[in-house]
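Notes follow the structure.
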Amino acid sequence: MPELPEVETIKNDLEPLVVGRKFTEVTVDDDTVVQKPSVEEFGHGLVGRRVVGLGRRGKFLILRLDNGRVLMVHLRMTGNLLATEACRRLPKELATARVRAVFRFDDGSTLSFIDRRRMGRMWLAADQEEVVGKLGPEPLAADFTVDVLAGLMARHRAPIKAVLCDQGIIAGVGNMYADEALFESRIHPLTPAADLSRAKVKRLYSAIQGILTTAITNRGASVDTYFRPDGNRGAAHYQFKVAHRLNENCPACGGPIERIRVRGRGTYFCPKCQRTG
DNA sequence: CCCGGAACCTGAAGGC
DNA sequence: TGCCTTCAGGTTCCGG
């Protein structure tokens, strides 16, 4: 599932492919993917516009246009953006996926929006804020300090796992990286966020930054249908210590990794290393 | 306001 | 072999 490191990777990979390019044609095969204006306005608003830069906010990908407007993309769970050649030869995990929309550029290249589960969304908007709404701080930004994290945690009594995944509290962390960060800081996923000691908040802070930074270096995690725009996989999932490793051995104590449900989401952790309370 | 749970969606996987 | 059920999780919505 695309979380912050996956979207950041897609942004980095797309930069040399689309910055400076002008949209010459926009084809939408599934109207539900266009969330913000009508499908007609979406296409008309893009054709003739040039991409001047890319950005990311939480799990949103941002394409900045030469008229100041923005094309926003959220891949949700199974969305993919594939370049011309990658789309021609879909990876077998995507073979049954459907093309929801295709962007054509002035150099003849294309960018295809593939989404098996049809939950990904796109917006054409005047600015990014009207799309992202109420999002928490960027965990890799310079002003995201231990004190900021401590302040956020103190306000919530929900399980720390749920709090980490709440985009309104911290932007970009999802199910996989929340599990990894909690293991790294040896915190039980059901611990009420407000109960974390200062020492644990400090460990969690370092873990979040380390886990996300390493995952970006490894080009994201291909646990399901995530592929980079060139069709290649990421390698971050090879570094996972607990996420999606049910019954495998904990790298710290050797005991079996367990899986529970927190807020309806599969949560992997080591019950020996991550104690309650 | 805070928290938990259901719904959305569709291909894969497992049971019988 | 095939039908049926369950599962996956980012986000939104609803109820307590």
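Only the coordinates and a few stated rules stand behind these numbers; no lab work does. Computed from a predicted model, the values in this text were never measured in an experiment. Note that we place each Cβ from the backbone using ideal geometry, even for glycine, and neighbour counts take in every protein chain shown.
Relative to the longest principal axis of chain A, what angle (0 to 90°, nearest 10) does the C-alpha long axis of helix A:4-18 take?
The angle comes out at about 20 degrees.
Determine which aspartates and glutamates satisfy two conditions relative to A:Lys161: a Cα distance under 14 Å, and not lying fewer than 8 residues away in the same chain.
The reachable aspartates and glutamates, counting only those whose Cα sits under 14 Å from A:Lys161, are A:Asp179, A:Glu180, A:Glu184, A:Asp195.
At a Cα cut-off below 13 Å, give the aspartates and glutamates reachable from A:Lys22, other chains included and same-chain residues fewer than 8 away excluded.
Straight-distance partners of A:Lys22: A:Asp66, A:Asp106, A:Asp107.
Compute the convex hull volume of the Cα atoms of region A:224-277, divide it by the residue count, and report the result per residue in Å³ as a whole number.
Per residue, the Cα convex hull of region A:224-277 comes to 105 Å³.
Taking 0.36 nm per residue of separation and subtracting the Cα-Cα distance, what length does fully extending A:Arg259 through A:Ala194 add?
My answer for the length gained is 21.1 nm.
Please determine, in degrees from 0 to 90 and to the nearest 10, the orientation of helix A:198-217 with respect to the longest principal axis defined by the Cα atoms of chain A, where the helix direction is its Cα long axis.
40
What are the ³J(HN,Hα) values, in whole Hz, obtained from phi via the Karplus relation 6.51 cos²θ - 1.76 cosθ + 1.60 with θ = phi - 60°, for each residue of region A:25-35 in sequence order, with x given for Gly and Pro?
7, 10, 10, 10, 8, 9, 4, 5, 6, 8, 7
Any chance you could give the angle, 0 to 90 degrees and rounded to 10, that helix A:175-184 forms with the longest Cα principal axis of chain A?
30
Distance check, please: which entries in A:Lys11/A:Lys272; A:Lys59/A:Lys272; A:Lys36/A:Lys134 exceed 27 angstrom between their Cα atoms?
Checking Cα-Cα distances, A:Lys11/A:Lys272; A:Lys59/A:Lys272 exceed 27 Å.
With runs of 4+ DSSP H residues as the only contributors, calculate the mean residue ellipticity of chain A at 222 nm using -39,500 (n - 2.57) per run, divided by the residue total and rounded to the nearest 500.
-8000 deg cm²/dmol
Please report, largest first and rounded to whole Å, the three semi-axes of the ellipsoid equivalent to region A:146-269, where each semi-axis is the square root of five times an eigenvalue of the C-alpha gyration tensor.
They are 23, 17, 13 Å, listed from largest to smallest.
Identify all aspartates and glutamates with a Cα-Cα distance to A:Lys92 below 20 Å; exclude those on the same chain that are fewer than 8 residues away in sequence.
Leaving aside aspartates and glutamates fewer than 8 places away in the same chain, those within reach of A:Lys92 are A:Glu6, A:Asp115, A:Asp224, A:Asp230.
Within a Cβ distance under 15 Å of A:Phe183, other residues only, what is the Lys/Arg minus Asp/Glu net charge?
+4
Taking the inverse of the average 1/r across all pairs of different Cα atoms in region A:89-139, what Kirkwood radius in Å do you get?
Hydrodynamic radius (Kirkwood, Cα pairs) of region A:89-139 is 13.9 Å.
With no solvent and one equal point scatterer per Cα, compute the Debye intensity ratio I(q)/I(0) for chain A at 0.07 Å⁻¹ and report its log10, rounded to two decimals.
Here log10 of I(q) over I(0) equals -0.27.
When you take every Cα atom in region A:1-93, what is the radius of gyration, and what is Dmax, the widest Cα pair distance, in Å?
According to the Cα coordinates of region A:1-93, Rg and Dmax are 13.3, 38 Å.
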